[in-house]
Structure formats: C-alpha cells, structure tokens
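Inspection log for the structure reproduced underneath, given as structure tokens.
The values are calculated or read from the model by the stated rules, or taken from the named source; none is laboratory data. Computed from a predicted structure; not experimentally measured. Neighbour counts run over all protein chains shown; Cβ positions are idealised from the backbone, glycine included. Calculation scope for accessible area: heavy atoms of the full protein, side chains included, ligands and nucleic acids excluded. Shrake-Rupley method; radii C 1.70, N 1.55, O 1.52, S 1.80 Å.
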Amino acid sequence: MCGIFGYIGKRDTALELVIEGLKKLEYRGYDSWGVAAELNGSLFIEKQVGKISEADLSPIKGKNVHMAMGHTRWATHGGVTQINAHPHFSWDKKIAVVHNGIIENYEEVREFVGKEKFVSQTDTEVIAHLIGHFRQTMPFKEAVLAAIHKLKGRYAIVVMNVGEPHLIAARRGSPLILGIGKGETFLASDIPAFLEYTQDVMYLDDNELATVGESVAFFSIETGAPLEKRVVNIDWKAESAEKGEYDHFMLKEIMEQKDSILRAINQNDEEILEIAEAIKKSRGCFFSGCGTAGKVCMAAEYFFSIIANRHVNFAPASEFPIYHHFLRPESLLIVVSQSGETADVLEAMEAAKKKGAKVLSIVNVAGSTIARTSDYSLQIKAGPEKAVASTKAATSQLALLLLIAYAIRGDLQEGRRVLAEAASAVNDMLNPRFLTYVKGVAENIKNHENAYIIGKAENYPMALEAAIKIQEVSYIHAEGFAAGELKHGPIALISKGTPCISLIANDEVKQDIISNTIELKARGAHIIGISPENHEVFDQWIRVPDVGVASPLVNLIPIQLMAYYLGVLRGHNPDMPRNLAKSVTVK
Ligand code: M6R
C-alpha cells in the first residue's frame, strides 16, 4: 500500500533511478506519484496524478543528482490530487517526506504545528511540518526522532532535508528495506524494486531509524542508541520480478504454477514434522489471513478435518483480535500471508502474542515483518508475486498446508506424493489449448454484470476465492456460496442466463453439489462446470484432472485464467485493478 523508493550514491542519475524503482513498486499504489531531490540548494519536487508508467517525465530530464526519493500512492486520507501526492514538504520547503502508512493522530498534530501551514488533505503532511518545527532548534536526526515520538499510527518514512548529505528512514509497522550496493544505497518498500542493482539487503525493523548517506547507521527510535545490523544476501533473480514474454504479470504468475507448487512442497522434513508436532500439542489452533490468504486458511480447516482429523478455527485477520478471549499460552495462531506485511495480520499476531500464544507464519516474502516476528516461519518459495491478484501464492499456500495436514496424520511422504501428482497435473493443464478454451468460456460471459460460484467442502472456500478473483480483475459482481446454502436465499438472484460456476471434485459430496447445480439450472442459470467429469447439467465444461483432496489446487487454475481473460476482454489492466493495492499495510 504505497511504494517508496530512495537512492543515494555514486550515480548522478538518482531521479531516473527513483522513477525506475517506483515503476517496479507501482503495484502497491497507482493513483499518483512524486519525486524529490535537492537542486542548487533548494527542494525540487515533481508530482503527477495517474500511473507512473504513463507519466510525462520531461520535468525530470537533465536533472543530475546523487540523492533522490519518490513515492507511488494508494490514497487513504485525502482524494487523488496532485497536491495530495507525495512527497510532502514543510512550510519552509526545507524538509520533504514520503510515507507509507497512516498517522492516526494527524488532527492533533495539525493543531500543534499550526493549521495555516497545510496545503494538502493528507495525514502525511503533518510529518513534514513536525520535523520542520523541531529542525528549527535541533540537528536533522534529532528533529526526526522528536517528530516521530509525537506520531501515533503505522509508518515507513524517508525524509530529505535541504543542505544535508543524507536521507533518514524510519519505520513502525510498514515495510522499508535498504539495498546495499557498492558506493550506493537503495531504499524501497520491497526488495524486487532494487534487485537488479544489488542482492544485499539490510532490514529496517519496527521502531528503528537509519541515516543513509556515504555510510549507513541504525538507531533505536525509543532511545536513540546505535544498533548493530547485518547485511543479508537475498537469493532472488531480478528476472523473476519482470514480465518477460507475457503481457501481464498476472498471466505470467498463473503460468509459473507449472513449478511453484513443487517448490512449496519441497520443504525440510524435520521442520515440517516439528510444526506438525507444535500443532498437535497446541490447545486451540487458529488460522488467520486476509483476502485470498484467508480463503486458503478456510480450506485448511477442511484439510485438517478430512486428512488429520483435527479441529482448527479460522477467522479473517481483521476479525481475529476479538477472539482474544479464547487465547492462552498453549494456543497456536497460524497466519498465512503472501507479502508478509499485511497490517490486519500483524494486528492478529499482536493479539495472540499478548496472551502468550505462539505464532507460526506461512509467507512468500522472505525477511518480511510477519516472517521475522513470528515464532516459526515457513516460506512457500513462490518467487515474487507482482500482480495485485494473488494466484501462484494461493496454490503454494494450499499445497503447503495440505502437506502439513498429512504430516500431522503421520503420512508426510504420502502427502508429498499426492501433491507432486497435483503439481504435475497443473503443469499439464497450463498448455495453450487449455488457455484458449478458458478464454472462450470468458468470452461467453464477459458481458454479464453478475456471476455466482458454488463449491462444497474444501471447494467452498475456493468458490469464495473465485469470487474475489473475478471481482478484483474484471469488476463483475461475483459472489461465492456454499452450494447447499443457495436454497436459503441466494437462489432468488438467478434468472435466465445468469452465469454460475460449479466447482466439483470427485468426492463424497459430489452428488450433493450436482443436485444444487441442477437447482440453479432449473432457474435458468448458464452453468459452467469445473470438474474432472462432464455432466448433462453443464452448459460449458472445463475439465480438470482428478487429484482427490488436492482438488482446490487444480480448480483454481481455470478460475484464475477466467478472471484474467474477463479483465482483459472487458478492457481492464489485470495487474492493477482500480482501488486496490498489492500489499495492504493499513488497517
Ligand atoms: O499479502 P497477503 O497475502 O497478506 O495479502 C492478503 C490479501 O490482501 C490478498 O490476498 C488480496 O485479497 C489479493 N488481492 C487477492 O487476490
């Protein structure tokens, strides 16, 4: 949610580097963008409404500087206007700030620094004026520290002060990572943004501040004391964060499921068994996550019940803290998150930790806040996921949770076999003929404004996930239901030709969901069956392989493709849906 990029170093193309970095972070927010640098002793700021990838960059040309910073915005406080875009600056134009997060007490701070100083409607502008206020009597670093001591909320900020040869970065609750090159340092909201320049990173943790100039130094925000930090080498290839031959990241990431599922199950046996043991020992095991990751957690409830005969509870992360009544030191919270930075998940973790419970995280981004602040952490190893719509991360999360369920049952190797078969089935499915076929199905329904998806057992959460995918990429009003719930209300929505997708597996509930599908058809629905076998009730059939309990993995593939093609056919950019951002770092 909002992307920050900063550069300081030997190259005099800092502004261009920041622009390129922001383009890689665009998936985090794409309402507006802006950059700042010091030029001839004063602050140069350029801000524009719209996507940075479509921006007019002429104002930047020929401005050679060694230090710059920028921001790509996902609006929270204040509409999408040029004035509300970051960087924000102090009344005397000496301090510039880019910010990711939300300042909760901005109204109080606005009073403190004087309302008349403000030009924007944002919460961020208070940071610039507040630092400016303290800077009148204090050195740069001390002024930033004094200002952030007054702020409440979550933030990652980078600050520039005219006349100072370094940038200052600080964080509480929103990500910011330093890329350490030779004679140059990068600052970014995520690692792939600077991966083509360096794979060496230093993590800025919560409640830490860094001065970034010729050298880098870290300090505690609380005490101001210096901190020791190490450089970590990241094993990611820069190309894996590029689109390559594909038109969109979303399609590329769907296709990457040919091998990402296998990477997810290629885990250290001992570690998986240890986690299985921790789950068995726990008294009260909760799953939590948001959006797609939340639907994966719901599927885990079924996996754990069907395979491991184990009761676990799911709550969306934004709802989880209310369950604190049930938490105790023997409880275990398992959180699932692609980005590892989702604010609601971090809050769920805080609620669990307060009661002494342990936290296991399943993340994609190594070194993310969620990974680093949990008691145990497993990586799904899906590689960078850039499209806002989560695809390969979802199937990898499903695979890993299924593997853990088998490990709890004492059948880790059987689990691996089942999943390897499912992975190879996914590999076979993702061929050009299948893609063309699913595109044809999307063509058929692209002009409808409503679509419904039903599923049962472990495919019920997949119906909910299918709805998220179709909503966010195509803006069709899609809703997912437990198949048996239709007759209790939603069936009233069906009329002649309404597209209804039925997610079916060859399992003990197959006949039930077929009956529910027939009920839909009787009301005039146009039925798209996603299933290993054809059935006369289907108007269109998308064949998927029969992979037993792993069926959510294969059923999601045509759903993801259909959402992608619906988005493209309806003229939208599937990588950057309106109003959304990849990583949701606000509550
Ligand atoms: O990074 P996370 O997995 O924690 O993100 C959670 C959700 O914001 C995310 O899954 C969101 O729902 C996706 N855009 C869905 O495709």
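Structure summary
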item: Some residue of the range 345-356 being under 22 Å from GLN471 (Cβ atoms) and within 15 Å of the ligand (Cβ to nearest atom); result: yes
item: Number of positions in the range 399-410 that are crowded, with 21+ Cβ neighbours inside 10 Å and either more than 14 Å from the ligand (Cβ to nearest atom) or under 12 Å from the mean Cα position of the chain (by Cα) (or both); result: 8
item: Qualifying position, being out of contact with any Lys or Arg (no Cβ under 9 Å at 6 or more places or on another chain) and not assigned by TED's automatic domain parsing to the domain that holds VAL549, among GLU421, GLU479; result: GLU421
item: Test: PRO574 is assigned to a loop (DSSP other than H, G, I, E, B), farther than 26 Å from ILE102 by Cβ and open to solvent by less than 10 Å² (accessible area, probe 1.4 Å); result: yes
item: Whichever residue in the range 369-394 is assigned to a strand (DSSP E or B) and farther than 22 Å from TYR27 by Cβ and, among such residues, is least open to solvent (accessible area, probe 1.4 Å); result: LEU378
item: Matching residues in the range 186-200 - criterion: being open to solvent by less than 20 Å² (accessible area, probe 1.4 Å), part of a loop (DSSP other than H, G, I, E, B) and of a type outside the set (A, V, I, L, M, F, W, C); result: SER189, THR198
item: Of all residues in the range 205-228 being free of Cβ contacts under 8 Å to residues at least 40 places away in the same chain and in a loop (DSSP other than H, G, I, E, B), the one that is surrounded by the fewest Cβ atoms within 10 Å (Cβ to Cβ); result: GLU228
item: ALA505 vs. criteria crowded, with 18+ Cβ neighbours inside 10 Å and assigned by TED's automatic domain parsing to the domain that holds GLU485; result: yes
item: Per-region count, the range 256-273, residues in contact (Cβ under 8 Å) with a residue 24 or more places away in the chain, acidic (Asp, Glu) and part of a helix (DSSP H, G or I); result: 3
item: Test: residue in the range 161-180 that is at pLDDT 95 or above and farther than 23 Å from HIS86 by Cβ; result: yes
item: ALA423 vs. criteria assigned to a helix (DSSP H, G or I), among the small types (Gly, Ala, Ser), closer than 18 Å to ALA550 by Cβ and within 16 Å of the ligand (Cβ to nearest atom); result: no
item: Some residue of the range 255-270 being more than 26 Å from ALA425 (Cα to Cα) and in the same structural domain as ILE362 (by TED's automatic domain parsing); result: yes
item: Selected residue (criterion: surrounded by the fewest Cβ atoms within 10 Å (Cβ to Cβ)) from residues of the range 513-533 that are more than 19 Å from ALA550 (Cα to Cα) and touching a Lys or Arg at 6+ places or on another chain (Cβ under 9 Å); result: GLY524
item: Cβ-Cβ under 8 Å pairs, at least 6 apart or on other chains, the range 310-333 side closer than 19 Å to GLY356 by Cα, far side within 16 Å of the ligand (Cβ to nearest atom) and part of a loop (DSSP other than H, G, I, E, B); result: ALA317/CYS290; ALA317/THR342
item: Criterion: crowded, with 17+ Cβ neighbours inside 10 Å, modelled with pLDDT under 95 and either among the acidic types (Asp, Glu) or not in a loop (DSSP other than H, G, I, E, B) (or both) - qualifying residue of ILE491, ILE470; result: ILE491
item: Qualifying residue in the range 290-307 (condition: within 16 Å of the ligand (Cβ to nearest atom), closer than 24 Å to ASP205 by Cβ, part of a loop (DSSP other than H, G, I, E, B) and aliphatic (A, V, I, L, M)); result: no
item: Residue list for the range 12-43, filter: more than 17 Å from HIS166 (Cβ to Cβ) and of a type in the set (Val, Ile, Thr); result: THR13, ILE19, VAL35
item: The listed residue being under 21 Å from the mean Cα position of the chain (by Cα) and of a type in the set (Asp, Glu), out of GLU449, GLU465, GLU485, GLU458; result: GLU465
item: Residue identified as within 22 Å of VAL586 (Cα to Cα), out of contact with any strand residue (DSSP E or B) (no Cβ under 8 Å at 6 or more places or on another chain) and not basic (Lys, Arg) among GLU385, GLU414, GLU421; result: GLU385
item: Residues that are touching a Lys or Arg at 6+ places or on another chain (Cβ under 9 Å) and away from the ligand (no atom under 12 Å from the Cβ), drawn from the range 376-398; result: TYR376, LYS381, GLY383
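Here is a yes/no grid of residues against (1) assigned to a loop (DSSP other than H, G, I, E, B); (2) acidic (Asp, Glu); (3) open to solvent by 10 Å² or more (accessible area, probe 1.4 Å); (4) more than 24 Å from PRO461 (Cα to Cα):
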| position | (1), (2), (3), (4) |
| --- | --- |
| ILE279 | no, no, no, no |
| PHE314 | no, no, yes, no |
| GLU347 | no, yes, yes, no |
| GLU350 | no, yes, yes, yes |
| GLY367 | yes, no, yes, yes |
